[in-house]
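The values are calculated or read from the model by the stated rules, or taken from the named source; none is laboratory data. Bear in mind that the values here come from a model prediction, so they are computed numbers and not experimental data. In this analysis, Cβ positions are derived from the backbone assuming ideal geometry, glycine residues included, and neighbour counts consider all displayed protein chains. Just the protein is used for accessible areas: all its heavy atoms, side chains included, with ligands, DNA and RNA removed. Shrake-Rupley method; radii C 1.70, N 1.55, O 1.52, S 1.80 Å.
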Amino acid sequence: MQDYEKLGVFYLGKVYDIKGKKTQEELLLYDSKDLVTHAVCVGMTGSGKTGLCIGLIEEAAIDGVPAILIDPKGDLGNLLLTFPNLKAEDFRPWINEDDARQKNLSPDEFAAKQAELWTKGIGGWGQDPERIQRLKDSAEFNIYTPGSQAGIPVSILKSFAAPEAAILEDGDLFQERISTTVTSLLGLVGIDADPVKSREHILLSTILGHTWQEGKDIDLAGLLQQIQAPPVDKIGVLDLESFYPSKDRFELVMALNNLLASPGFSAWLEGEALDIGKILYTPEGKPRISIFSIAHLNDPERMFFVSLLMNQVLGWMRGQSGTNSLRAIVYMDEIFGYLPPTKNPPSKTPMLTMLKQARAFGVAMVLSTQNPADLDYKALSNCGTWFIGRLQAERDKERLLDGLESASDSGFKRSEIEKIVSNLGKRVFMMNNTHEDTPEIFETRWVLSYLRGPLTRDQIKTLMDPIKSASPVKRSSGTTTISSPVPAGAGAESATPPALPPDIKVLYIPVRGSAPSGSSLIYQPGLFGAARITFSDTKNNINENREITHLTPITDNVIPVSWGEAQSCEIPANDLEKSSQGRALFSNLPSAAGQNKNYIKWNKEYATWLYGSETLQVYKSPSLKIISNPGEEKRDFRIRLQQVAREQRDEITETLRDKYANKLATLQERKRRAEQLVEKQKEQAKKAKLDTALNVSSTLLGAFTGRKVLSQSNISKAKSAMKGFTKAADESQDVKRAEETVEAIEQQIVELNAEFEGDIAELEAKTEPLTEELETVELKPRKSDINILLVSLAWVPYWQDKNGERIPAW
């Protein structure tokens with residue numbers, strides 16, 4: 001592992017001397033925490049901005065930061081082309097054969113040249129094959145293709161589900177979600193709807209708002225039904241028919257129905273749901289780099305999907321805890337048309353909200369474009385880092401400078417920045433970071449991924465087919481069953497439930513769903529139990545109350561009820577009904593169920609069984625000394641541990657920066673003064689640049705503290721500390737002593753570097769939360785902490801077909 005990888009900094013390249021047109025040895029290390037305030041990358045075609053952004057994502061992946069990448073051009077799939085062995089045969093399937101023909105090379109010869117080029121390029125930038133392997137191992141890389149089966153397909157159905165509670169409770173966010181969903185949906189059928197003037201937009205917004213506020217999901221088929229028969233009688237103060245007659249509404253239904261019926265639209269309804277938590281992390285909690293390739297979509301489809309995706313990200317984000325450390329990245333490779341300065345496409349509102357709010361949750365937005373004139377610079381004033389590459393048109397430069405000036409504090413040096421921007425070459429960028437005092441010019445490092453250009457549909461399919469076959473999309477049947485069959489001897493059935501003594505409570509499990517064709521409803525007797533259990537652990541600060549429910553069969557056996565056969569039914573006691581539903585048959589009731597004393601006995605047995613069987617299991621991280629929350633899955637706990645570890649790492653690195661910044665600045669200033677004195681005594685004061693035995697800026701310590709070490713405050717402190725030294729040295733006029741002083745200071749710098757490297761080694765020794773062995777803490781309730789709420793006879797509904805086969809109806 002490279003030392004800088006332990007410090008939460010991203011290796012983006014090396015400092016570049018714009019005047020001398022030469023790359024320096026000083027590493028350009030970018031603090032990952034700075035990315036939380038968002039970034040924008042601007043540069044013309046061929047400037048190298050795609051390479052820069054891919055390098056940024058590579059660094060994030062190595063640091064364990066997940067990312068969602070929106071790829072309108074098809075270039076970002078190159079992140080999956082990583083070849084640690086750097087062999088020609090690894091490159092061969094992925095080369096662009098047109099490039100080979102242009103160079104008069106066979107495909108095999110061209111692949112060998114590419115392998116040689118990447119080997120040399122990676123080595124020339126201080127990287128090695130082990131770092132490529134580390135990139136592959138650090139995250140899972142996936143390509144999603146909405147509306148296509150080439151990559152991992154994406155289902156948009158979740159996008160019409162009721163939003164998270166955080167969105168529902170925020171009136172502005174709720175209305176934004178409705179508006180962007182409706183606008184993007186209407187855009188698919190060619191309706192450019194104004195949210196205020198369009199009656200189509202107003203009606204659909206009303207339907208979604210009404211349905212979602214009730215906490216109900218809706219699909220497109222259900223939306224069509226509600227357009228025909230809306231859940232409201234008035235829109236505003238007008239009755240529905242006056243506002244939007246049924247005849248006109250039918251035209252909208254037909255337009256949307258044609259969309260649903262089109263052969264290609266079915267691909268939008270199959271595949272992975274837009275569950276952002278699952279898109280960012282694997283079931284084991286490993287970070288994912290999820291690429292959404294939309295190059296195959298037309299413009300309305302792209303806008304539709306990007307808007308839905310941004311809304312889902314926004315909803316997920318609002319459910320996270322606040323943090324100052326980087327949690328995730330959302331990157332769009334070409335922002336053209338999605339965040340314009342004047343128009344308001346459906347993508348703009350959620351993007352603006354993300355730019356304003358995401359930093360509080362550690363979610364970074366990174367936007368890239370080759371056309372500065374298309375950007376809303378008021379929105380991008382929220383971006384703390386600007387990566388500026390070569391621009392061709394003077395209009396683009398002027399627009400860019402206007403945006404930079406509006407986003408900068410006082411003291412913006414327009415003419416100086418303009419001169420720098422005009423002289424940038426390929427792969428050379430100016431970084432303007434609000435967390436640093438001055439802009440920095442750098443050349444981007446060689447990326448670890450093979451940049452072959454946009455991937456074809458077949459190439460995406462080749463990459464993703466193994467992943468799709470290994471992890472097929474799982475669909476839940478949505479039914480719940482109890483393991484016990486119909487009790488023996490229960491063949492007799494009646495059209496009414498048996499009469500029971502008044503002191504025996506009788507309840508009914510509610511019927512869910514509609515009856516299958518040719519089936520009838522039949523109730524089977526069971527014993528329903530509900531309890532509240534408290535789990536307490538003062539040492540681990542746990543106090544969890546849980547309400548649980550169970551169902552177990554009642555039989556004619558010698559022991560009619562066994563709670564050991566019970567299954568959790570996840571039906572709240574308050575949902576039980578007091579009567580059956582419609583016409584139904586009732587299975588024979590075992591005789592034991594007709595005696596009240598048995599229910600008293602079964603109540604006690606239920607409490608005893610719960611005491612012996614119910615436990616609360618939580619996980620503990622030995623390294624971080626953190627306990628999982630009750631009910632928190634191991635995967636989610638590992639994800640949280642990774643974020644906690646990153647926050648702690650960032651705190652430590654900030655402490656290290658503070659610890660060494662002043663020391664290094666003081667030593668550098670002392671060294672500079674001492675060298676000046678030596679040169680003065682040797683009558684060489686006119687020399688423009690002093691040669692030094694140790695170039696501090698080329699060390700990791702110098703790069704890590706970097707521009708922050710040379711801030712005005714640190715230089716000022718260093719100069720103040722040097723006043724006494726300079727006076728004494730001027731008085732001595734002793735060349736030999738001055739030379740010895742230089743050597744002594746250089747030795748102190750060497751020792752400071754050694755001390756710094758020791759602190760880094762301690763960071764490396766810390767355990768990785770993703771792989772550490774978690775301890776399991778199991779809590780049992782006390783008898784006094786078990787409160788039985790209900791034990792009652794419950795009639796359980798089933799659908800019975802003509803052959804007597806039964807399936808649950810609940």
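Cβ-Cβ contacts under 8 Å between residues 6 or more apart (or on different chains), taken from a first residue in the stretch 412-430 that is of a type in the set (D, E, K, R) to a second residue that is assigned to a helix (DSSP H, G or I), are listed as R414/L401; R414/E405; E418/K397; E418/L401; R427/G51; R427/L52. Exactly one residue among L168, L79 is closer than 26 Å to Q312 by Cβ, of a type in the set (A, V, I, L, M), touching a residue at least 12 places away in the same chain (Cβ under 8 Å) and open to solvent by 30 Å² or more (accessible area, probe 1.4 Å), and that residue is L168.
Working only within the stretch 58-98, note down all residues that are at positive phi and either more than 21 Å from the chain's Cα centre (by Cα) or of a type in the set (V, I, T) (or both). Once the filter is applied, which keeps residues that are at positive phi and either more than 21 Å from the chain's Cα centre (by Cα) or of a type in the set (V, I, T) (or both), the stretch 58-98 yields only L86. For the stretch 198-206, the count of residues that are free of Cβ contacts under 8 Å to residues at least 40 places away in the same chain, of a type outside the set (S, T, Y), part of a helix (DSSP H, G or I) and open to solvent by less than 10 Å² (accessible area, probe 1.4 Å) is at least one.
In the stretch 324-342, what residues are surrounded by fewer than 18 Cβ atoms within 10 Å (Cβ to Cβ) and among the polar types (S, T, N, Q)?
N324, T342, listed by residue number.
Report yes if some residue within the stretch 393-400 is outside any loop (DSSP other than H, G, I, E, B), hydrophobic (A, V, I, L, M, F, W, C) and within 19 Å of the chain's Cα centre (by Cα); otherwise report no. No, the conditions are met nowhere in the stretch 393-400. Across the stretch 48-59, the number of residues qualifying as out of contact with any strand residue (DSSP E or B) (no Cβ under 7 Å at 6 or more places or on another chain) and either under 16 Å from I122 (Cβ atoms) or part of a strand (DSSP E or B) (or both) comes to 2.
Looking at S568, S536, which one is open to solvent by 50 Å² or more (accessible area, probe 1.4 Å), free of Cβ contacts under 8 Å to residues at least 40 places away in the same chain and in contact with a strand residue (DSSP E or B) (Cβ under 8 Å, 6 or more places away or on another chain)? Result of the check over S568, S536: S568.
Here is a yes/no grid of residues against (1) in a helix (DSSP H, G or I); (2) at pLDDT 90 or above; (3) of a type in the set (G, A, S); (4) open to solvent by 60 Å² or more (accessible area, probe 1.4 Å):
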site	(1), (2), (3), (4)
V253	yes, yes, no, no
S266	yes, no, yes, no
P283	no, yes, no, yes
R288	no, yes, no, no
R302	yes, yes, no, no
S307	yes, yes, yes, no
N311	yes, no, no, no
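Here A373 fulfils each of the conditions (1) touching a Leu at 6+ places or on another chain (Cβ under 7 Å); (2) outside any strand (DSSP E or B) apart from (1).
On inspection, E418 fails the criterion of being open to solvent by 70 Å² or more (accessible area, probe 1.4 Å) and among the acidic types (D, E).
Among residues of the stretch 572-596 that are without any contact (Cβ under 8 Å) to a residue 60 or more places away in the chain, those with a Cβ under 6 angstrom from a residue that is of a type in the set (S, T, N, Q), sequence gap 6+ or separate chain, pair up as A592/N598. If we keep just the residues of the stretch 93-114 that are touching a residue at least 24 places away in the same chain (Cβ under 8 Å) and part of a loop (DSSP other than H, G, I, E, B), which is least open to solvent (accessible area, probe 1.4 Å)? My answer is I95.
Condition check for S321 on (1) in contact (Cβ under 8 Å) with a residue 12 or more places away in the chain; (2) closer than 20 Å to E176 by Cβ; (3) open to solvent by 10 Å² or more (accessible area, probe 1.4 Å): one failure, at (2).
Every residue, every condition in (1) open to solvent by less than 10 Å² (accessible area, probe 1.4 Å); (2) outside any helix (DSSP H, G or I); (3) small (G, A, S), yes or no:
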{"position": "M354", "(1), (2), (3)": "yes, no, no"}
{"position": "V366", "(1), (2), (3)": "yes, yes, no"}
{"position": "A379", "(1), (2), (3)": "yes, no, yes"}
{"position": "W386", "(1), (2), (3)": "yes, yes, no"}
{"position": "D402", "(1), (2), (3)": "no, no, no"}
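In the stretch 60-88, the residue that is nearest to I335 (Cα to Cα) out of those that are among the aliphatic types (A, V, I, L, M) and in a helix (DSSP H, G or I) is L76. Would you mind finding the one in E394, E436 that is over 17 Å from Y16 (Cβ atoms), modelled with pLDDT under 90 and of a type in the set (D, E)? Going through E394, E436 in turn, just one is over 17 Å from Y16 (Cβ atoms), modelled with pLDDT under 90 and of a type in the set (D, E): E394.
With respect to F292, determine if the residue is at pLDDT 95 or above and open to solvent by 20 Å² or more (accessible area, probe 1.4 Å). No; evaluated as a whole, the condition is false for this residue. Filtered by the rule that a residue be over 30 Å from N540 (Cβ atoms), aliphatic (A, V, I, L, M) and surrounded by 14 or more Cβ atoms within 10 Å (Cβ to Cβ), the stretch 571-619 gives I571, L576, A584, L585, L589, A592, A593. S406 - would you say it is exposed (fewer than 14 other Cβ atoms within 10 Å of the Cβ) and either outside any loop (DSSP other than H, G, I, E, B) or at pLDDT 90 or above (or both)? Against the criterion (exposed (fewer than 14 other Cβ atoms within 10 Å of the Cβ) and either outside any loop (DSSP other than H, G, I, E, B) or at pLDDT 90 or above (or both)), S406 qualifies.
In summary, C41 fulfils each of the numbered conditions (1) open to solvent by less than 30 Å² (accessible area, probe 1.4 Å); (2) farther than 30 Å from H435 by Cβ; (3) outside any helix (DSSP H, G or I); (4) among the hydrophobic types (A, V, I, L, M, F, W, C) with the single exception of condition (2).
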